[in-house]
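Below is one structure, written out as C-alpha cells; comments come after it.
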Amino acid sequence: MAIDSNPDWWRDAAVYQIYPRSFADANGDGIGDLPGIVSKVPYLAALGVDAVWLSPFYPSALADGGYDVDDYRDVDPRIGTLAQFDQMVAALHEAGIRVIIDIVPNHSGSGHAWFQEALASPPGSAARARYIFRDGSGPDRSVPPSDWQAAFGGSAWGPVGDGQFYLHMFDPAQPDWNWDNPEVRAEFVDILRFWADRGVDGFRVDVANALAKDLSADPLPSAEEIALVPAGPDHPLYDRDEVHDIYAEWRAVFNSYDPPRAAVAEAWTDDPARRARYAQPDGLGQAFNFDLLWAAFDAAEFRRVIERDLALARASGSSSTWVLSNHDVIRHASRYGLELPAELEDRRALGRGWLLAGGRAPVEDIDSGLRRARAATATIMALPGSVYLYQGEELGLREVADLPDAVRQDPLFRRSPGYDVGRDGARVPLPWTAAGPSFGFGVGSAHLPQPAWFGQVAADVQAGDPESTLNLYRRALAARRSLLTRPDVRSAALEWLDSPPGSLHFRRGPWHCLVNFSAVADLELPSGEVVLWSLGSLGNGRLAPATTAWVVG
Ligand code: NOJ
Ligand code: CA
C-alpha cells in the first residue's frame, strides 16, 4: 500500500510521533536511530497509523534533546546518515505511511556554523545580524540588555564577552534567529525545499508563534512590563501578526510541490482564536490544539473544548488536531491518574509542576489513569480532525516519574533545580520485548534507564493479549480508518445527543461515540453494532465507568 496523491491526507490523519533517540536502537549504542525506525515499519503499519512525525534528528549538542540544531541539512551521525534517511522515507512510503519532520526555526544550536561565525565576528557585523545581538548595559556593558527570563530558567541573554549579549528564549545553547534578516528567511526556504525534495510529506513547526519579534524599543521593556501585554500584535516576542508573512511565504513553497506539503504549527497561544490563524490555508494549514491537555477527565470540560475547537478549525478552513501526549508533557496515562490536591487544581498555571503535586513520585492511581487514558484516546479518535499519538502511548506507558536526578537530561530540570523535574520521564526508550538488556530497545543499555515495570507492558507481551492497550489502539485505528471511508460518515457533521450527566454521546452519521466519564454509574448504549470498547464490556449493552464505546447504528 504505497501512499496516494491525496492533497488533504493530513485533515484526518492518525500521526504517530517518534522521538528518534528513544524509539529503537539498531546498533546497540544506547541511542535510537534511523535503521531502528526502519526495523519497526511493520509494527507501525500493523498499528495502522497514516503518518509519522519525527522529532529532530539533526546534528546537535543535545542541549535540548535535539531542538538545538547545528545543521539543518544533515542527520546526527549518532542517529544515522542522509542515505539512511532516504531509505527510511522509502520504507515508510512503501508501507503507506507519510513522513512529517520537525523544523526548528526560532533558534539554532550554538554549534551552528553561522552562530560560531557570529561569535567570531565583531559587533555590528553581518554575521551577528543573523541572530539577535545587543549591547549590554552598565558602565562596562556587563549587564544583560533586559531582565527577560529564558523558558528553561535564567537570563534570556547570553554574554559574548565583548560587551554584547545574544538572545536565547530557551537554553543558552539555543540562540534565537533574527527573522527580520532576509538571509535567514531565504535560508529556511532553502532548508524546507531540501527536505521536501527528499520526499518529506510535511513539517511540524517548532515554537511557530515566536519567530517575529520587535526589539526596537530602547530601552527594552522589562519582564514585568511584557507580562502585562497579551501575546499578540503588541507583544514584543509572542504571536505577533507579522509572523504570518513568514508562513505565507512557506505556504507558497509547500504548494509548489505535488501533493502540497503539509505543515502543523506548534503555537502555544493563550487565545484559541489566535491559534487558528496559524492553521489558515494560506499559512501553515494546521495548528496543534493542546486544549485537552489541560482538561480534567470530565464530560463538561471535554465537551466545551471539543465544541469550541471544532468551530475554530472550521472557521479557519482547517481541521482540528487532537493531542493527549507528546514529548513535552506528562504521559496521559499518568496525568489522568494523578491525585491533585484541591489547591493544585489550576493545572494550566502549574504547567509541568503537576508532576510535583505529590513530590518526585506522585500519588498515582495506575488502574484509573490507564482506564481513563484508553477512554480519552478512543474519544479523540472518533472526533473529526487528525490525532497525534506519541510513541509508547499505544502501550499505555506511564510517565517514568522516579528517574534519578543524575541521569536527567532535560535543560528544564538542569536549569530549574527543584522546581521542575523536566520531561525525561516521557522520553524513556520504549520497551519492545519483555526480556533483553534494554527491553528490546537495543542490544545494549538505553540512554535513559528503563523501570522494571516496562517488562510487563512491552510490545511483545501486549501483542498476544487481545485486551491490551496495544490491541485497543490497533482495533481503534483500523475501525476509524474504515469508518472514514464511508460517505455517510464523511458527509456528516458531528451531532451531540442527550446523555446523562457525566457522560457524552456524539455521532457522525451512523458512527456513535459514547463516553462514560463518571466513576460510578454505567450507561446504556444505543442499538447497533458495538465496534469498539475502550476497556472490556459489561456484556449487557451497558457502558462501564471511565469507558468509551463506538456503536455503528
Ligand atoms: C517545543 C519542543 O516541543 C520542545 O521540546 C523544545 O524544548 C522547545 N520547543 C524549544 O525548541
Ligand atoms: Ca543507535
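General observations
- Peptides ranked, highest mean first, by Cβ atoms within 10 Å: ranges 328-338, 173-183: 328-338, 173-183
- Across region 113-167, Cα pairs under 8 Å and at least six residues apart give a relative contact order of 29 percent.
- Spin-label pair Q116/S482, simplified geometry with 7 Å Cα→Cβ offset, distance in nm: 5.5 nm
- Take the Cβ atoms of D298 and I366, set R0 to 22 Å, and the FRET efficiency comes out at 0.65.
- Solvent-accessible area assigned to carbon and sulfur over the chain amounts to 54 percent, based on a 1.4 Å probe.
- Label zone at E249, where the point sits 7 Å out along the Cα-to-Cβ direction: region 149-186 residues whose backbone N lies under 16 Å: 177-186
- Added length on full extension, which subtracts the Cα-Cα distance from 0.36 nm per residue, A83 to E495: 143.5 nm
- Averaging the sequence gap over all C-alpha pairs within less than 8 Å and six or more residues apart, then dividing by the number of residues, gives region 492-552 a relative contact order of 32 percent.
- Highest mean packing first, where packing is the average number of other Cβ atoms within 10 Å per residue, the peptides 35-42, 388-395 line up as 388-395, 35-42.
- Going by accessible surface with a 1.4 Å probe and the largest first, Y247, Y166 read Y166, Y247.
- Between S222 and D405, the FRET efficiency estimated from the beta carbon spacing at R0 = 41 angstrom works out to 0.80.
- Based on protein heavy atoms only, the chain ends up with 37 Å² per residue of surface accessible to a 1.4 Å probe.
The values are calculated or read from the model by the stated rules, or taken from the named source; none is laboratory data. Not measured: the values here are computed from a predicted model. Neighbour counts run over all protein chains shown; Cβ positions are idealised from the backbone, glycine included. The area values use the complete protein model at the heavy-atom level, side chains included, leaving out ligands, DNA and RNA. Shrake-Rupley method; radii C 1.70, N 1.55, O 1.52, S 1.80 Å.
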